[in-house]
Every structure is written in C-alpha cells, then in structure tokens.
1. What does the charge dipole of the protein assembly as shown about its Cα centre add up to, to the nearest 20 debye, if the Cβ of each Lys and Arg holds +1 and the Cβ of each Asp and Glu holds -1?
2. What's the local net charge at A:Leu301, with K and R +1, D and E -1, over the other residues with C-beta under 13 Å away?
3. ³J(HN,Hα) across the stretch B:144-151 via Karplus (A = 6.51, B = -1.76, C = 1.60, θ = phi - 60°), whole Hz, x for Gly/Pro?
4. So for chain A, averaging the separation of alpha carbon pairs under 8 Å that are six or more residues apart and normalising by length, what relative contact order in percent results?
5. Under the definition of partner shielding as Cβ atoms of other protein chains within 10 Å of a residue Cβ, what is the mean value for peptide A:278-286?
6. Kindly provide the GluC sites (Glu not before Pro) of the stretch B:259-363 that DSSP labels as loop, not H, G, I, E or B, and whose Cβ sees at most 14 other Cβ atoms within 10 Å.
7. Using 1/(1 + (r/R0)^6) with R0 = 22 angstrom and r between the beta carbons of A:Asn78 and A:Glu140, what's the FRET efficiency to the nearest 0.05?
8. What do the square roots of 5 times the Cα gyration tensor eigenvalues come to for the stretch B:64-163, in whole Å, largest first, as semi-axes of the equivalent ellipsoid?
2 protein chains.
Amino acid sequence: MKQNVLIIGAGGVAQVVAHKCAQNNDVLGDIHIASRTLSKCEAILESVREKGAMKQEGVLEAHQVDAMDSAAVAALINKTGAQIVINVGSAFVNMTVMDACIETGAAYIDTAIHEDPTKICETPPWYANYEWKKRDLCAEKGVTAILGAGFDPGVVNAFARFAIDEYMDEVKSIDIVDINAGSHGKYFATNFDPEINFREFTGVVYYWEDQQWKEKKMFETGHDWELPVVGTSRAYQSGHDEVHSLATNYPQADVRFWMGFGDHYINVFTVLQNLGLLSEQPVKTAEGQEVVPLKVVKAVLPDPSSLAPNYTGKTCIGDLVKGTKDGQDVEVFVYNVADHKDAYNEVGSQGISYTAGVPPVAAAMLVATGEWDAKTMKNVEELDPKPFFTILDNIGLPTRVQVGGLGGEDKAWNE
Amino acid sequence: MKQNVLIIGAGGVAQVVAHKCAQNNDVLGDIHIASRTLSKCEAILESVREKGAMKQEGVLEAHQVDAMDSAAVAALINKTGAQIVINVGSAFVNMTVMDACIETGAAYIDTAIHEDPTKICETPPWYANYEWKKRDLCAEKGVTAILGAGFDPGVVNAFARFAIDEYMDEVKSIDIVDINAGSHGKYFATNFDPEINFREFTGVVYYWEDQQWKEKKMFETGHDWELPVVGTSRAYQSGHDEVHSLATNYPQADVRFWMGFGDHYINVFTVLQNLGLLSEQPVKTAEGQEVVPLKVVKAVLPDPSSLAPNYTGKTCIGDLVKGTKDGQDVEVFVYNVADHKDAYNEVGSQGISYTAGVPPVAAAMLVATGEWDAKTMKNVEELDPKPFFTILDNIGLPTRVQVGGLGGEDKAWNE
C-alpha cells in the first residue's frame, strides 16, 4: 500500500489529474501539486475546491518546483511524504523526476515518453534511449515506475494486452486509432502542448512491421476508419510512444499508430513545417536574437486549456487487434468514446486532457492498493489490464469492445 | 550639379543600385556603400568588380554605419564627400538618414515610405506622419529630397503624371497594378525583406475613392487584369506608399493599388496571419523570452537575394489611368515589363530588386545633372517624368504605353 500523491505539472492534464485524485482521495490520501509556476498550481486547486471534488476532507496543497532539478523534486517528495508521483509535466522532465523517485523510493507514473529538447522522433525503441536504462536500477531498489499511463500511450497498451489475452492465441497486428471528432471553434489550436504536439509529427514516422522497424513520412499514409459513434474518420500513420513498447513486447505483431487529422490541420501544419517554423533548432533573427521557432509558434497558439469551455463533440480512441484463435482469424476493436462537454462540466478541462489525465489516476489507485505496485519498471501492457478497466469504468472512461472487428458485436469489455 | 553617391543599405536592391551607379559613374562620380554589416557591402563591391561594371576608373568604397544614428551618417557623408545619398536600407531608417542629409546639404533619395517598427499600415496620408513634416525645412535649407523613387512607389508615380499630362484634361482614376509572373522555385519566399513585405499586408488597406480615404481588408477585393506579355493575372487591392502621395496630388482621381498574388501565397500568408505569426508586436515564450513573431518568420524564410540565380519569368508593373480629353472618356495603360533572368545576368539580382534599384539611380543621375535637383522635398509625380523615362529606357527599364487602355495600341512612351 502506498499513499499520498505528488502531481508534477500544472497544465490541462494536471488539472484533470488533480480533480480525479481529489475525487478518490479516500484511496490516494494527501494530494500535492507542484510546477515551475506556483500560481498555475493554485488555480488548479481553486478549481478543485469550486467543484467540491474532494471525496473526503484531506490535504490539498500547491508547491513551486523546478522539475529539471532532481534534488529539488526529491526534497519535495520527502517534505510532502508522497509515495506516488504522477508526472504530467513537460516530457522534458521525465528523467529528473524519475531519478527523484528512485532516490526516495516513491512510485513513478508518467503519461509520455522522455524527450530531449534538441531532438525529435528518436530512434526506436525510443524508451531504450532513456527510461529503460533505469529498469535494472528500479528492480534493484524495488521502485515502481509505470511508463506511459495516459490514454495513448497507456489505456491503448492495456487494450492491446486485453484483446490478445482474451481473444487470441497469437497476435498478428495492432493498429491504434486516435480520433478527435470534437470542435473547439478556433482557427487553429492543438489539444495539448503545441511544442510536444508538433514534435510528434515533424520527424520520421517509425512503425513495426514484418518484425522490423520501418520508416514513413508524416501524412504519407492515410486511411478512412469506420468507427463507433464518431463515424468514418480519416487518420494518418504517425509515430507514437506506445509503438515503441508494444513492438518490443509483441515482436510477432505489426504495430502501427494512426492519428486523425482534418484537411485544415494538415494545411496549417504543412505550411509551418515547410517554412521551418516547427523546428526545434534555434535560428538567429536579423537582430541577432537566438530563437527556437517552435517555441514562438507555441507562444502564438491558444493555450490548450483555454479551449475547454467551448469544446463540443467526442473522441474515439481504440485498438484494432488482429490474430488467430484455434487456427481461425479473429479481429477485435477495443475502444473508448469520451465527450468534450462532459469532461468540461466535470473537471473544467476538454476531452483530450480528460482522456490523458484520468488513466494515470487509475494507475495511481492501483499502485495505492498494491495491484500495480510492481516494485520495478513496467510499460502498461506488462500489467493486468482488468483492474485498470474496472477503475476506468467507474471514474469516467469506460472500455468497450467490438467483437469481430470494426462494426462487430458491440459490448462492454466485461459483458 | 551634384556629385558622388553614398548608398545606404546592402540588400538585394542595394546591389542593383551599386551596379547601376558603377555603370554610370561618369555622371555620378565616386561611389560609396554603407550598411550595418561591412562584409555585405564588400560582397556587393566584389560583385560590381566581377561584372566589370565601372564605366570609368573611379572610387568604389565600402563603409560600416548604423543608419539609425543620424550623426554617424552625417559624418560619413562629410567624410566621403557624397552630395547624393541613395537610401535603400530598411524602411525604419528613412528619417535618420534624411536628417543627416538636411544637416550636411546632401540630396536625399529613397524608395519606400518611413516605417515605425511598432506600427503597420499607418493612417493616410502616411507621408504626412513622417517625411512631409520635414518639407518646409528642406525648402528652407535648399535640400533636395526625392521620396519613393523606386518602381512602386516611384516609376508608377511618373507613369500617372505622364498619362495625365499627355492624354487628359482631367483624371478620374489611377489603378496601379503590380504583377510578378516569375518563379523562384522555392516552397515560399518573399521578393524583398519579408518583414517589410508582410507588414504591407497585415493591416488596413487604405485607398482613395470619391475624394475620401476608404478602407478594406487585405484580399477582400480581387480582379483579373489582362496585361501585356504576362497575360491574365489576378491581383488584390492592397495598401501601398504611392496611394498616399498620388491621392494628395490628384485628389479628384480615385487611387487604388493592386498586387498580384497566387493562391499558394495567399494560403501561406493566411495561415501565418491567422496564427499571429506576422505580428510586429512581441510575444513571450513559455521560457520568458520576448520575441517579435514576424522577425522569426523572416529568419526562417529564404534570403530574397538568394532567389536570384534560379528566378525565371517576367514582371509587369503599370498604371491604368482613366480620365477625359476634350469631353471624351480616355484610358491609357503605362507600363514596364522586366525579366528576372536578364536582371540576374546583368547585376546578379532578381527582377524585383532590379525594378526597385534601377529607378533611384536614374533619379540620382537627374539630380547630378540638375534636372531633378529640386532644392526641396518632392514625391516623384511632382517632377517631370520625361527625362526620368529617357534615362530608364537607356539603363534597363523601358516605358511602354497602351493607348485606349489595356489591350490598346501598344508603343514606346515617346513614339
């Protein structure tokens, strides 16, 4: 049993995490939130109080910390007595926060792969460049570290594991499809940190096919998917975190990720990309100022959390998994549908933040109860998916299945 | 008679000016070029020497100067003995360079209206905000200042004056049309300083109609023009320098400016504009760095002078002037066609720089010979256009006329 949570980060996802931790503080204990900017943490706590989200009376505190400073994070873990750290800060801080957890023995949970600010779309498997290098140390010290426990990566890894375990003897392919069929009403905006968002799509698209890593260009391959609730949706093969771990854990399966994009998004992206404005490498202005173009694009775009009040429509994220059972071909689509407006009404965030922020809280609850307290480093598909789905069903992200593939018999995962 | 030229600036237009001054140093005397970056001036002189452009032996020297520092410019005028200053530096330095000319008595020639870096598309008539405030002082001190003596503004102002003087009793409208039908082969590039280029199109489009200033939005009004040589060309009503002086000098005429844009340019422009990336106002990055987005866009775009070697095709810039003669409606189109490749072969620059850089040299020659040495401040339409056209015919930009309007009898202006 582990207790007391320290949330790192104060963006849209952190807001969801804070609300969901508050709603489940009977399981999780004290709730602390820390980021570089104290006022952003305080605004989140104010929102938690406004919604009366705390299930029972308890600690709810904001702190200032530089998450790039491992010693400072360790000191805060010790000061707060947090045994579980949910890192939903920038993807640049994973390793310093993880080091602080290893140092203090706290459990570590994150939702995205570590990134080096000067690199994009690193060589596969990307986890091997950073997190997995600490796996032996976590095991040796008995530190629980759950990597990529958001929706994608995270829940979709559990979807894959579930489909394979329940429906197949052998898996042949895993296609993860992420569609946001919502509308924010702005000319253009990204649904989470524009810097991280664009960095996903400016480099090589790595995927796993025929038991080897292959490469494509972004927007090279599109496909229309016939999905439940949101209907026919065009998605493009993209690089994504979970491909790097699923391909390692299921090397016999082809593993691909598909992200939905409208023509307008692609046009804006293509213009910015072709002009060099999405580059993570600094340029020098005529006046001699060194600037990273992508950081300027981020500065002019709407703050993703500002989209929430006017966001309408739904998301559909799922895994189409194909394999064989008793020598017969089988297909199953495991998925969730979430609603932007519902998310805003409940926690003051839009649906993309909601789907990313609810799962790490479910993971934290499983660490708290011991079910996922692995005492070593795990990607989500290495953990039992069923207790995860059970909690997610209860806290806002129910899992459904279409048996026979897309358009097949539609039911709850545990029906 | 004035002698010896100091060129301020070292961009693509300055390169053309230097070459053309060198080709006419029998009239102009010593040639000096100065900018913030000495190496850029030296590269231009190297290009002049390579082409063997000097008509006769003479002085050809590079200098470093901060053109925002009026005293430094005045000192350089005195040191070089320049009696004519051709200012083709950034539009932000007009007033400091002009002050240096007033201080020293040198004649001043520029090619674009003064701009304040923090403002765009200022209230009409724009000249009245800056240059015209110094008109009385110029007259009092007998200083010649010729404003906007590039192609547009500049030659097109002379086209209007010529059409009115030669063909009309009364003018009713002046439509200036600027078409670049050339191709640079890049994904996207501007033909001169991107910062100045975009600033022209991000604010209000001012024009003069029914004897009053009116406003439109950029790309609100497009028109297909049937032009000589380049054929049917779509152009959009835009704000431009010469509208501000022509409307003042010919208040009875409607005065509009039309700039040609392809769909691809408009798409890129629209994306950048809507995202806020063309803003001249600083934004703050997440890291706290203050940056002007437009300066970053400038930094990632190709240097306009780098386009020259691969530029092909032609430009067509002209004035469609309508009025009455002996009670009858009359129309005349006065125009020039220039070729990008010819420009590059002659002076190492593309056609847009060529059309902008040749006219101020013609103006300087007319100041040198006394014909345009007005001893006061003048916009180009206030000066006799015929000697200007005569020189332009000889140095690379011949003037032609279509009598009866577009598609009418086509001939040289002096046939």
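Just so it is clear, none of the values below were taken in a lab; they were calculated from the coordinates. On a predicted model such as this, the values are computed, not experimentally measured, just so you know. Here Cβ is always computed from backbone atoms with ideal geometry, including for glycine, and neighbour counts include all displayed protein chains.
1. Values: 68 positive and 116 negative charges, 195 e Å.
Using Cβ point charges on Lys, Arg, Asp and Glu, the protein assembly as shown gives about 940 debye.
2. Values: positive: A:Lys186, A:Lys295, A:Lys298; negative: A:Asp193, A:Glu195, A:Asp303.
Spelling it out: positives minus negatives among the neighbours equals 0.
3. The phi angles translate into 7, 9, 10, 8, x, 9, x, 8 Hz.
4. 21 percent
5. Counting other chains' Cβ atoms within 10 Å and averaging over A:278-286 gives 3.
6. B:Glu287
7. Step by step, r from the Cβ atoms, then E = 0.60.
8. 22, 16, 13
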